[in-house]
Amino acid sequence: QATMVKGRVSIDGGSLLLEISDDGVGFDAGDKFPDSRGLRYMRQRASIIGAKVDWLSGDNEKGTRVVIKMPIPEEKIAS
C-alpha cells in the first residue's frame, strides 16, 4: 500500500550502504518474520558478499526501511 519508495546509496567509512524505504503500512519492529523464505534468502545472498541486511520501521513508525551494509574491499577504497 505504499505510494512512495525512496532509495539511497552512500559510503560510511569502509562500508557501502544501500537504504530503501517506503511509506506503506509497515510492520511491528519486534517481529522479524523468522520463517519468511524471501527474507531468509535475502540474508543468505547478503552473507555471500559479506553484507548484512536489517529491516526497520520507517519514519514515525510508518512504512518499512531496509538497510544493506557491505564492506568495501580495501583495494577499491584506495583507487
Quiz item: Within the range 10-28, can you find the residues that are at pLDDT 85 or above, touching a helix residue (DSSP H, G or I) at 6+ places or on another chain (Cβ under 9 Å) and not in a strand (DSSP E or B)?
Solution: G14, D23
Quiz item: Pairs under 9 Å by beta carbon, first residue more than 14 Å from G26 (Cα to Cα) in the range 52-68, partner of a type in the set (D, E), six or more apart or different chains?
Solution: V67/E19; V67/D54; I68/E19; I68/D54
Quiz item: What are the residues in the range 1-28 that are loosely packed, with under 10 Cβ neighbours inside 10 Å and touching a residue at least 40 places away in the same chain (Cβ under 8 Å), if any?
Solution: D12
Practice problem: Please work out which residue is surrounded by the most Cβ atoms within 10 Å (Cβ to Cβ), limiting yourself to the range 43-76 and to residues that are outside any strand (DSSP E or B) and small (G, A, S). | Solution: G63
Quiz item: Inside the range 29-42, can you point out the residues that are open to solvent by 70 Å² or more (accessible area, probe 1.4 Å) and either modelled with pLDDT of 85 or more or assigned to a helix (DSSP H, G or I) (or both)?
Solution: R37, R40, Y41, M42
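The values are calculated or read from the model by the stated rules, or taken from the named source; none is laboratory data. The shown structure was predicted, so the numbers you read here are calculated from the model rather than taken from an experiment. Reconstructed Cβ throughout: ideal geometry from the backbone, glycine too, with neighbour counts over all protein chains shown. We work out accessible area using only protein heavy atoms, side chains counted, and drop any ligands, DNA or RNA first. Shrake-Rupley method; radii C 1.70, N 1.55, O 1.52, S 1.80 Å.
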